[in-house]
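Written below as structure tokens is the structure these notes are about.
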Amino acid sequence: MEVPKLPWYRRFGVVVLAANLVVAAVLVVALVALWPRAAVQRPGAPATTAGVDRQAEQVVPGGSEPAAVLPTSTRARLEPGVLWHGRGSAGSVSGWFAAPGRWRVVWSFNCRSFARYGGGNFKLYGAGVFAGVSVQRFGVRGRGVLPVTGGGRGGLTVESVCDRWTVKAVAP
């Protein structure tokens, strides 16, 4: 007894199904390999938190603007106690650093060129163990201090359309 040969379209369907499975497997492996790793919390270490309630009291809407603006690629030496310092204008800047258990973020921005629209957007957010750090303001000018508890290694990213901004991560 001879097994009948399958028609071409069924044989082709099996080949297409097998190719799709291989492509799906490759995509899953690539996604897993490129996905950012979750921050590992040290046992007994406090979680990273941002002092949101205190932050509202410390925001000064009409503060003085930064004295000088350095290009975002400046590699100047940091002052004592400064963990990371970023300055710039419209665009995005990131930086990674290690911080002790208690530290603070000091920030300011000036969006004069967006005054006729009511101001510009200033956004600061953390990554890694600093994922809970976040500041987002809309205005012509602003400044503030954000206390942070929880140390480790993480990053801060600033995204802004403002003419000038400055951010410092400072250890006490």
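Read-outs: derived from the displayed coordinates by stated rules, not from any lab. It should be emphasised that the depicted structure is a prediction, and the values quoted were computed from it without experimental measurement. Here the Cβ positions follow ideal geometry from the backbone for every residue, glycine too, while neighbour counts run over all protein chains shown.
Label point 7 Å out from V82 along Cα-to-Cβ: which residues of region 101-115 have amide N under 18 Å? In region 101-115, the label zone of V82 (backbone N under 18 Å from the point 7 Å along Cα→Cβ) covers 103-110.
Here the calculated FRET efficiency for V23 and F97, from their Cβ-Cβ distance with R0 = 30 Å, stands at 0.15, rounded to the nearest 0.05.
The gain in end-to-end length when the S113 to A33 segment is fully stretched comes to 24.6 nm, 0.36 nm per residue minus the alpha carbon separation.
Residues whose amide H comes within less than 5 Å of that of G142, counting only those at least five positions distant or on another chain, are G63, F109 (H built at 1.01 Å from N in the peptide plane).
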